[in-house]
Amino acid sequence: MRNVSTYNREYKSFFQRRWVKALLWIGAVIAVLIILGLFAANWFVGKSHPELDGAVLEAPVSSEVEVVRDDRGVAKIISSDIEDLFFAQGYVMAQDRLFQMDMTRRLAGGKLSEVVGEAALESDKYFRTYGMHRATEALTEEFDQETREIVEAFAAGVTAYIDTAFAEGEQPLEFRILGYEPEPWTIEDTAIAVKYMGYTLTGNFEDELKNYELLRMLGPEAAQLFPDYHRHENFPVIGQEAAPHNDESTEIEFFEENGFAQALYLEEVEELLNFVPDTWNGSNNWAVSGEYTESGMPMLGDDPHLGLAVPSVWYQTHLELEDDFHSIGVTVPGIPGVVLGHNGKVSWGVTSMSADYEDVFLEQVNPEAPNEFLFDGEWEEAELIDEEIYIEGEEEPYIHRVEITRNGPVMNKIMEEGPYQAFSLRWSGLEAGEELNGILRLNRAENAEEFAAGLEGFVTPGLSWVFADTEGNIGYRGQALLPVRNESDGRLPVPGWEPEYQWDGFVPAEDLPAVMNPDSGYIMTANHSPIDETYEYEIGRSYFPYRGLRLEEMIAEKITAEKPFTLDTMKEMQLDVTNTQARMLVPLMTEAVARWDSDTEEASSMDGEELDELSALEQEALDLLQEWDYTENADSAEALIWQIWYETLPEAMFERYLHVEVTNHLSRHFALEEAADHPEGILFGFLDERWHVSFAQAARETFYEAVTRAEEMQGGDTDSWAWGDWHAVKIEHPLGAVWPLNHLLNVEGEGIGGSGFTPGAASYDIETGAANHGAGWRFIADLASPDTHYDVNIPGQSGQWRSPYYDDQLEDWTAGEYEQMIYDKEEQEDMDRVRFIPSE
């Protein structure tokens with residue numbers, strides 16, 4: 001019998017890691033020589049694996065807790081006491097994901113340098129400036145008494161595992177490699193995990209800076225190139241009309257009247273943007289009324305899209321508190337409860353709301369007092385905070401000074417002269433919220449109405465929640481802390497010294513978009529605009545309509561044909577690989593290539609080769625695209641040609657011709673659509689005037705380059721070209737950047753179809769083709785029974801290398817298969833079981 005009670009010890013000051021794998025290079029390289037020999041001894045890794053069957057563990061619990069693991073390693077925790085339940089959840093989660101949890105708190109808290117060294121200093125400076133660690137105190141103050149008790153119990157469970165594993169030499173492999181022992185888990189660590197999850201779904205910071213740069217170069221008409229997906233066919237969740245569109249932009253007028261500074265987009269700002277989250281993050285979800293389903297009960301699907309990771313972003317979990325609640329689904333490592341899933345009465349899922357919660361404020365600095373900033377004609381003193389950043393191997397901390405204006409932390413003082421000398425950043429996610437109070441309310445909800453009420457007070461992430469219950473209800477609620485802007489549409493930096501550009505509070509909770517049991521009989525969100533023109537507030541512009549267009553088509557087809565929805569229908573929708581944006585753009589772009597006249601327009605490849613008529617291979621590729629049905633199957637030659645061309649042309653438009661690096665996905669793709677729709681519009685009007693480059697010429701040049709690249713990769717026979725031969729699942733572990741850890745820790749799978757524009761989402765690295773972003777967790781539910789819920793979580797449940805659950809779900813995920821979420825695990829006699837019993 002083992003004792004997992006905590007004991008007193010001293011800890012070094014440690015903390016966090018960044019998703020940028022290169023930051024771990026130094027520590028990993030140093031460790032490689034040590035681990036090469038150790039890897040040969042199987043006992044070394046085997047000792048890291050926790051006991052999953054038959055163990056009886058003494059712990060600070062009030063009564064026995066049973067942990068039952070299914071054949072995927074998912075633990076069901078059964079308890080009669082709520083604190084004991086969450087203690088066990090913390091302990092079990094740490095068994096599976098401790099390194100991931102520690103890296104999250106280190107990254108978001110700006111303490112990664114303590115274990116990695118100076119390579120992580122810029123990351124730490126960025127996150128210390130951003131201030132999630134400062135926001136945790138306000139969040140923990142919002143805990144009600146029960147929430148505080150369960151978060152403390154969860155933290156105690158995590159710490160108990162740390163103590164036990166390190167005392168007995170059973171620490172996870174990554175800690176052996178990097179040579180450190182993590183600090184105890186605290187309630188603040190859970191709070192920062194909540195904030196960091198919200199942070200990963202922001203990104204307007206980058207949009208605003210790059211929109212400013214386009215405006216500075218091209219003038220006011222550049223606003224036509226800013227992401228603005230209201231112009232597409234709209235299918236709002238709330239109402240039926242086009243979403244609100246305000247063509248007036250007072251910040252553009254401001255810059256016209258006051259002039260522009262030299263480029264905001266300097267080298268050091270580019271370094272800053274390395275830490276901005278990927279704006280490609282999104283999701284699909286929908287719920288269908290029982291009126292249209294085979295079972296007669298509502299059905300729901302959800303598949304959040306984030307960067308695929310080893311281990312998974314999502315942690316499958318199953319909690320049963322006797323005479324209280326019984327929930328199964330997933331959470332985020334470090335956060336207690338079930339965040340997405342079902343509780344036997346309500347099933348739910350989320351997508352990113354894609355609203356705008358973040359603004360860049362330009363600042364004027366007092367030349368006589370550098371820590372004073374102008375506001376409304378007066379100089380105001382900024383709050384100064386000296387952040388101590390400890391660096392591994394250094395005795396004294398690095399002092400990083402943070403200045404906080406009324407608009408938020410100053411991210412960079414980037415210009416020595418000119419009208420604007422700095423910019424600050426405000427993100428509503430740093431406000432206090434009730435997310436952790438709310439998670440328990442969701443787990444206890446008896447029906448859709450109680451579930452919707454349980455969301456109140458959630459600040460971050462900003463999500464579109466879709467839910468259904470066993471009473472036959474379906475519902476939607478967009479939940480976020482949305483700023484009210486009176487003079488700005490949020491697409492450009494604004495003057496921080498002008499009072500009219502300040503946020504005018506937040507959208508009241510009662511005005512957030514919501515609907516219950518719509519007349520249509522279904523609800524669907526996929527990062528498109530959830531509102532129509534009757535909605536009072538404009539809450540964002542950077543929506544993404546393409547997956548939603550396809551899902552809307554599929555739902556409408558089923559309803560029109562009077563074919564009832566089944567679980568197979570839900571799978572088909574999640575796995576569909578039809579690209580509706582390609583359907584829109586391919587005819588325009590292939591027509592431009594066909595229109596190009598070699599007698600009147602010069603064109604050349606990147607290496608200077610003059611281009612004449614299309615080669616036989618180019619013509620064959622063009623013919624394929626012109627006859628394509630726009631499905632991106634793994635064996636599709638058309639998808640290969642299209643994806644390479646689609647990435648090449650926007651890069652040429654901005655970087656080759658304009659010499660502006662616009663890496664933001666939405667900006668690049670929206671500008672391409674605008675150029676294809678209006679080839680003589682602002683972008684190519686400017687390029688034609690300056691450099692005599694037409695859209696047809698750019699399309700011709702980049703089509704040649706796309707076909708040439710496809711030929712280099714897969715030969716000169718288009719019959720052998722296949723999207724999946726290049727577009728294969730490749731997921732990197734945080735330590736997988738160096739040999740031999742890349743071969744040991746990274747996960748690779750088969751070639752797959754789809755892209756970022758298909759419901760079966762699979763975004764990829766344009767340099768390698770690696771499919772590394774998409775639906776890490778897929779979930780489908782039929783409310784007819786708690787046992788008709790299915791999911792899959794790539795690559796697996798455990799973060800422990802060589803665990804049988806490290807990547808055992810990869811094959812199912814790649815093949816589009818799901819496993820039943822077994823609700824009553826205690827009835828399964830052959831499952832692994834562990835018991836926690838009270839310490840003597």
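The values are calculated or read from the model by the stated rules, or taken from the named source; none is laboratory data. Because the structure is a prediction, the values reported are computed rather than measured. Positions of Cβ are generated from backbone atoms using ideal geometry, with glycine treated the same way; all protein chains shown enter the neighbour counts.
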Residues in the stretch 163-192 that are of a type outside the set (S, T, N, Q) and crowded, with 24+ Cβ neighbours inside 10 Å total 8
If you check VAL693, VAL707, which single one turns out to be buried (at least 20 other Cβ atoms within 10 Å of the Cβ), closer than 30 Å to HIS678 by Cβ and either among the acidic types (Asp, Glu) or modelled with pLDDT of 95 or more (or both)? VAL707
If I filter the stretch 688-716 down to residues being touching a helix residue (DSSP H, G or I) at 6+ places or on another chain (Cβ under 9 Å) and part of a loop (DSSP other than H, G, I, E, B), which single residue comes out as nearest to ASP807 (Cα to Cα)? GLY716
Quick check: is even one residue across the stretch 512-530 over 12 Å from VAL237 (Cα atoms), crowded, with 17+ Cβ neighbours inside 10 Å, of a type in the set (Phe, Trp, Tyr) and at pLDDT 95 or above? no
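So that you can scan it fast, the table gives a plain yes or no per residue for (1) under 30 Å from HIS727 (Cα atoms); (2) buried (at least 20 other Cβ atoms within 10 Å of the Cβ); (3) of a type in the set (A, V, I, L, M, F, W, C); (4) at pLDDT below 95:
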| site | (1), (2), (3), (4) |
| --- | --- |
| ALA784 | no, no, yes, no |
| THR788 | no, no, no, no |
| ASN793 | yes, yes, no, no |
| GLN797 | yes, yes, no, no |
| TRP813 | yes, yes, yes, no |
| GLU817 | yes, no, no, no |
| ILE822 | no, yes, yes, yes |
| GLU826 | no, no, no, yes |
| MET831 | no, no, yes, yes |
For the stretch 383-406, how many residues are assigned to a strand (DSSP E or B) and under 20 Å from VAL494 (Cα atoms)? 3
Condition first: closer than 30 Å to GLY117 by Cα, among the aromatic types (Phe, Trp, Tyr) and at pLDDT below 95. Can you find one or more residues in the stretch 84-93 that meet it? no
Options ILE539, ILE559; residue that is at pLDDT 85 or above, within 25 Å of the chain's Cα centre (by Cα) and not basic (Lys, Arg): ILE539
So, of the residues in the stretch 438-473 that are modelled with pLDDT of 95 or more and among the polar types (S, T, N, Q), which turns out to be surrounded by the most Cβ atoms within 10 Å (Cβ to Cβ)? SER464
Here is a list of conditions, (1) in contact with a Gly (Cβ under 6 Å, 6 or more places away or on another chain); (2) modelled with pLDDT of 95 or more, and GLY505 meets all of them except one; can you say which number that is? (1)
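Residues are listed down the side, and each one gets a yes or a no for (1) charged (D, E, K, R); (2) in contact (Cβ under 8 Å) with a residue 12 or more places away in the chain; (3) surrounded by 24 or more Cβ atoms within 10 Å (Cβ to Cβ):
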| position | (1), (2), (3) |
| --- | --- |
| ASP71 | yes, yes, no |
| ASP81 | yes, yes, no |
| GLY90 | no, yes, yes |
| ALA94 | no, yes, yes |
| VAL116 | no, yes, yes |
| TYR126 | no, yes, no |
The condition from (1) surrounded by fewer than 20 Cβ atoms within 10 Å (Cβ to Cβ); (2) closer than 30 Å to SER803 by Cα; (3) in contact with a strand residue (DSSP E or B) (Cβ under 7 Å, 6 or more places away or on another chain) that LEU121 misses is numbered (2)
If we keep just the residues of the stretch 196-229 that are among the polar types (S, T, N, Q) and assigned to a helix (DSSP H, G or I), which is nearest to the chain's Cα centre (by Cα)? ASN204
Residue match in the stretch 366-382 (condition: part of a strand (DSSP E or B), under 16 Å from ARG128 (Cβ atoms), in contact (Cβ under 8 Å) with a residue 12 or more places away in the chain and touching a strand residue (DSSP E or B) at 6+ places or on another chain (Cβ under 6 Å)): no
